[in-house]
Structure formats: structure tokens, C-alpha cells
Amino acid sequence: MADYDSPWKTVLERYFAEFLAFFFPEAHAGIDWTQGYTLLDKELQKVVRDAKLGRRWADSLVRVTGTDGQEDWVLVHVEVQGRNEADFAQRMFVYN
């Protein structure tokens, strides 16, 4: 099976601010980008352990600072679907 998730994971890591600006401009505007951001992938893996779901490499948990000065966490899940999968709806339900 082709690995379509890890390139998206890399994109999220490198272009997180641009990703949010394009897809979620209101969320982007609420973040103080001068404070940077921290990827919390190890923390995400601790709370998302479900062998039935397989790899979830396109998931990212990111710590940011809001424009109000408060710490916020952003969870991003990117699902690139290139073919029909019988269990797709169930997988999205579980992710949600």
C-alpha cells in the first residue's frame, strides 16, 4: 500500500501557519505567530493509541499562543482520499 500520509505530515510540519491561513483563516488570525509553535507529536501518540486504526501520520497536535496570550492546542487531521474504501465512513466517525 502506498504511503500518502507521511508527505502530508511533512507539509503540516513545515507550513503549519500557511496551512491554517489558507484553510482556517479565523483560527490563523487568533494565533500570535511571533511566539512560534511547537509540534506535540509524541504527546499525540500517547493519547491516540488504537491499533485497529493503523497509522495516523497526517495527524498533528500543535501548541500555539493565542493573541490573548493564552496557550492553545490545535489538532489537525488531514485525510487524502484517492480511492473508494468501504470503511471510510467508520474511520471518519472514529477520528471524530
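The values are calculated or read from the model by the stated rules, or taken from the named source; none is laboratory data. Please read these numbers as outputs of a predicted model, since none were measured by experiment. Glycine gets a Cβ as well: all are built from the backbone with ideal geometry, and neighbour counts include every protein chain shown. Accessible surface areas use protein heavy atoms only, side chains included; no ligands, DNA or RNA. Shrake-Rupley method; radii C 1.70, N 1.55, O 1.52, S 1.80 Å.
Can you name every residue in the stretch 4-22 that is open to solvent by less than 80 Å² (accessible area, probe 1.4 Å) and among the hydrophobic types (A, V, I, L, M, F, W, C)?
Passing the criteria: Val11, Leu12, Phe16, Ala17, Phe19, Leu20, Ala21.
Does Val47 satisfy being at pLDDT below 75 and in contact with a Leu (Cβ under 9 Å, 6 or more places away or on another chain)?
When the stated conditions are applied, Val47 passes them.
Condition first: polar (S, T, N, Q) and either open to solvent by 40 Å² or more (accessible area, probe 1.4 Å) or at pLDDT 95 or above (or both). Now tell me which residues in the stretch 56-72 satisfy that.
Thr65, Thr67, Gln70
I want to confirm something. Restricting to the stretch 23-39 and keeping residues that are part of a helix (DSSP H, G or I) and in contact with a helix residue (DSSP H, G or I) (Cβ under 8 Å, 6 or more places away or on another chain), which single residue is most open to solvent (accessible area, probe 1.4 Å)?
Residue satisfying both the conditions and the ranking: Trp33.
Do we find that Val76 is modelled with pLDDT under 95 and open to solvent by less than 100 Å² (accessible area, probe 1.4 Å) in this structure?
yes
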